[in-house]
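Trainee: Before anything else, here's the structure in question.
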C-alpha cells in the first residue's frame, strides 16, 4: 500500500488555522461569559431592588446601592445594574447599550484587578505596601553605593532586593529627593516630598 505524504503546512496556513481555532473558542467563551454575567447581574439587580427591612434603619423599605465596590464591582456598575434590572432592560443594556463599557463590566465581573494585584505581589512581594523609614534609608544607601563614581544603575537588579518593581523604586527615589533626570524613564510623577 502506497503512503501519500501531506506537504507540510506553510507558516501562513498554520497561522491562519491557529487564528481560526482561537476565534472559534474565543467566540464560545465570550458567549458563555455574556450568559454568566447576565445571570449574575440579574440576581444582583434583584438583590439591589429588594427592599431591606433592617432593624433601626430609618430608610427601611429602600435599597440603597453600596457606596463602595463590592466583590470587584464598582458602585457605578452596581447603580447601572440596579437601574437596568428595575427597568426590565438588563439584557438589552448588556447586549447593546453597555457595549462601550462592557469590557469594564466584564473586567469587574471577573475581578481582574484583584488578579493583577495578586500576580504583581507574587513577582514583587512588597508591591502596594507602605515604605518604612528603614526601607527608605536602605534604598537611599543602596542608590548612593550603586551610583558611586558615576556608575549607571542596572534597575532590574537594583530593585530585586526591595521586592518592588523598577518604576516603584524610581518613584520612591524621586519622592525622597533624588533627581533621576533621564534615568527616571517612564516615571510619570515628578519628585516631591516623601509620603
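The values are calculated or read from the model by the stated rules, or taken from the named source; none is laboratory data. Nothing here was measured: the structure is a model prediction, and the numbers come from that model. FYI the Cβ positions are ideal-geometry reconstructions off the backbone, even for glycines, and counts take in every protein chain you see.
Trainee: So residue 96 clears everything in (1) surrounded by 11 or more Cβ atoms within 10 Å (Cβ to Cβ); (2) over 17 Å from the mean Cα position of the chain (by Cα); (3) at negative phi except one condition, right? Which one?
Mentor: (1)
Trainee: Now for a separate question. Name the residue that is surrounded by the fewest Cβ atoms within 10 Å (Cβ to Cβ), counting only residues in region 160-184 that are in contact (Cβ under 8 Å) with a residue 24 or more places away in the chain and closer than 27 Å to residue 118 by Cβ.
Mentor: 163
Trainee: A further question on this structure: Kindly indicate whether residue 30 is modelled with pLDDT under 85, in the same structural domain as residue 106 (by TED's automatic domain parsing), out of contact with any helix residue (DSSP H, G or I) (no Cβ under 8 Å at 6 or more places or on another chain) and within 17 Å of residue 101 (Cβ to Cβ).
Mentor: yes
Trainee: What are the residues in region 33-55 that are modelled with pLDDT of 85 or more, surrounded by 10 or more Cβ atoms within 10 Å (Cβ to Cβ) and more than 18 Å from residue 104 (Cα to Cα), if any?
Mentor: Within region 33-55, 43, 46, 47, 48, 49 meet the criteria.
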